[in-house]
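Some notes on the structure that comes next.
The values are calculated or read from the model by the stated rules, or taken from the named source; none is laboratory data. Keep in mind it's a predicted model, so treat the numbers as computed, not measured. Counting neighbours? That spans all protein chains shown, and the Cβs are built from the backbone with ideal geometry, glycine included.
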Amino acid sequence: MNELSLDFLEIHTEFRPKILRYLTRMVGEYEAEDLTQEVFVKISRALTTFRGESKLSTWVYRIATNAAMDRLRDPSFKHQLQAESLSLPPNPEVSNVREEEVDRNVWTGEAAVSPEQELFLRERSDCYQDYIENLPLNYRTVVALSELEELAVSEIAVILGLSPDVVKIRLHRGRAKLLKELRAHCKPEDWL
């Protein structure tokens, strides 16, 4: 195996779960898997052109963001997503909770979260995800990169080709809009 393919395998191993999660927030669960594969094909083809002028993570997220934006601009995307996503089961790879973690704590062997608590946690998570996905695209992108991928404002600015001040403004407005929606629709006190 040559050095380039080893580097790609390392990149794929490190970033695939993160990119899948990010793209799920951007384009929805149904499209995310295929788009993630497309992103890594692009990365493998462009790996020799990476000059190291930015962090590798910034470069990878830039490719993923561009792919998501292209998909979201596709006129057939919304119609196709609405028609097909309603009948699909959830993707277990995207889920953060594995079945065995729900039943028993790995370290102590004690019963983990009760079924009622699990239901409440899933409802809250689903509610949050729904409202992140409903944010306008310019806000959704910065909120997803900041809150879900934990990237710094400077990295987000490079990924999106924006000034850090514009990123800060969009992040502030996106968070405010998200918080308003969450307060109106996702009432955590009802889930306790």
Residue check, LEU182 more than 16 Å from THR58 (Cβ to Cβ) and in a helix (DSSP H, G or I): yes
Hits in region 56-75 - residues which are over 15 Å from ALA152 (Cβ atoms) and of a type in the set (D, E, K, R): ASP70, ARG71, ARG73, ASP74
Search result, residues across region 45-77 that are modelled with pLDDT of 90 or more and among the hydroxyl-bearing types (Ser, Thr, Tyr): SER57, THR58, TYR61, THR65
Any hit, region 122-144, residues being in contact with a Phe, Trp or Tyr (Cβ under 6 Å, 6 or more places away or on another chain), β-branched (Val, Ile, Thr) and modelled with pLDDT of 85 or more: no
Matching residues, region 38-67, being more than 27 Å from VAL143 (Cβ to Cβ) and charged (D, E, K, R): ARG45, ARG51
Selection status of PHE50, without any contact (Cβ under 8 Å) to a residue 24 or more places away in the chain and in contact with a helix residue (DSSP H, G or I) (Cβ under 9 Å, 6 or more places away or on another chain): yes
Residues of region 19-32 classified as part of a helix (DSSP H, G or I) and touching a residue at least 60 places away in the same chain (Cβ under 8 Å), total: 8
